[in-house]
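Okay, so here's the structure we're looking at.
The values are calculated or read from the model by the stated rules, or taken from the named source; none is laboratory data. If you're wondering where the values come from, they're calculated on a predicted model, not measured in any experiment. Virtual Cβ from ideal backbone geometry, glycine too; neighbours counted across all protein chains shown.
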Amino acid sequence: MNPLYNAGIHCLSLGARLASLKSGKITRMLNGQRATASTLAQRRAEVAPEGFDIWFHVASLGEFEQARPMIERIRAKQPDKKILLSFFSPSGYEVRCNYDKVDAVCYLPFDTPRRVRKFLADAAPKMAIFVKYEFWGNYLSALKQAGIPVYIISAIFRPGQRFFKPWGTMFRKMLSCYEHLFVQDEASKKLLAGIGLDNVTAAGDTRFDRVSDIVAHAKDVDEVAAMTASSPFTLIAGSSWPADEELYIPWLHSHPDVKAVIAPHEFDARRIEALADRLGREHTVILSELRAKGTTPHDARYIIIDCFGLLSSIYRYGDVAVIGGGFGTGIHNLNEAAVYDMPVIFGPNHHKFKEAADLLSCGGGFSYDSAEGFGRVIEPLYKSKTNLDKAGKAAGDYIRHSLGATDKIYKFIFNDHD
């Protein structure tokens, strides 16, 4: 790759090492990267002596949900394939490091030439599939030079990205390394055509297929069911951040008949305690404590979910979902809630997410940027069952009309037309 790019990656690596002095999350990531070689050596010896047939790389948990339908389709139809899954972020790795549909899970080392050579030698992949925004120049060029086909799925492009800038030649070369690009929409396909790329298919977003499967296999969460059974209106706050809570909790306090289930995006004991204090201790219960005591929260107004893996099932107990992240780097998974025919509400940083624009357009999604703005979008849903049902149906119909990306991608890559 360009020396300037390599210098940037080295700066990123150095910055991470410095940040790790104050960040446990980054420390865990760096320690995980250091363990990658031994992880691969062990798993190669145990299950994949000839190397991995397919390597999936995702940034974090959201992208994993886009990879998952493809992984599980491959596992079902080609069970002998050896599959490697890599993460960049601890937020994804720590939740899915024991995912049983792949043969190995590891961290992806930084994209420096030396680390790339080491990783590819250790993994020996025969095919690579990256997800959404993963554009690592040295990995891509090394895969291409080795004749290893690499694909990107559920990708989405916008005019303001560096690939489409006059100075973006280096980044355009990265895109030319892909055997094929599967994008979410026709607008992305048109943008890529404008820079000379025609090995592109507008296949949609595989995450829709994943949430459809989630509904079919939703878990019962008895504590949430008990608390919400008699509630006239229930709000589910999924992947919630403090910045979101600053704006929607005042509305909850002013509507004592409303019950709420809050699932923080990340949490530790201090985060849970602070959230319980803000909600009001006398009205709040914590899921793990309920389960330890074997009790049910019939009289509580709020329940905090302090474990992973339940949120996608919990949405079905609500009337409206408030999805977090929209006051930070971007909103989390809207589709997991919308699939249950419920309206979704989210913060202002949603412009990189096609599903957010589509849900806003069809009337199944609503955005807010202040406490007053939150009240303006939720009050019509709270006060009118007609408005609530109409918005919920719009959200659910949008999901149902967007299914099928996994089929298209699988058939193309594996030439499977059964």
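Looking only at region 94-122, which residues are in a loop (DSSP other than H, G, I, E, B) and under 14 Å from Val47 (Cβ atoms)?
Asp100, Lys101, Val102, Asp103, listed by residue number.
Could you tell me whether any residue of region 282-295 is in a helix (DSSP H, G or I), out of contact with any Ser or Thr (no Cβ under 7 Å at 6 or more places or on another chain), of a type in the set (S, T, N, Q) and within 23 Å of Cys362 (Cα to Cα)?
No; the residues of region 282-295 include none that is in a helix (DSSP H, G or I), out of contact with any Ser or Thr (no Cβ under 7 Å at 6 or more places or on another chain), of a type in the set (S, T, N, Q) and within 23 Å of Cys362 (Cα to Cα).
Does Ser361 satisfy the criteria of being surrounded by fewer than 24 Cβ atoms within 10 Å (Cβ to Cβ), assigned by TED's automatic domain parsing to the domain that holds Leu287 and closer than 27 Å to Ser288 by Cβ?
No; evaluated as a whole, the condition is false for this residue.
Return the residues of region 111-133 that are under 22 Å from Ile26 (Cα atoms) and either surrounded by fewer than 19 Cβ atoms within 10 Å (Cβ to Cβ) or in contact with a Pro (Cβ under 7 Å, 6 or more places away or on another chain) (or both); say none if nothing qualifies.
Within region 111-133, Thr112, Pro113, Arg114, Arg115, Lys118, Phe119, Tyr133 meet the criteria.
Sort out which residues of region 67-98 are over 20 Å from the mean Cα position of the chain (by Cα) and among the acidic types (Asp, Glu), and write them in order of number.
Once the filter is applied, which keeps residues that are over 20 Å from the mean Cα position of the chain (by Cα) and among the acidic types (Asp, Glu), region 67-98 yields only Asp80.
Would you please name the residue that is farthest from Pro380 (Cα to Cα), looking only at residues in region 220-274 that are among the acidic types (Asp, Glu) and in contact with a strand residue (DSSP E or B) (Cβ under 8 Å, 6 or more places away or on another chain)?
The qualifying residue farthest from Pro380 (Cα to Cα) is Glu223.
Looking at region 123-141, which of the residues that are aliphatic (A, V, I, L, M) and not in a strand (DSSP E or B) is farthest from Ile71 (Cα to Cα)?
Leu140
For a quick check of your reading of the model, give me the residue pairs whose first member lies in region 54-71 and is farther than 19 Å from Leu120 by Cβ, whose second is in a strand (DSSP E or B) and small (Gly, Ala, Ser), with beta-carbon atoms closer than 7 Å and at least 6 apart or on different chains.
Matching pairs, first to second residue: Gln66/Ser154.
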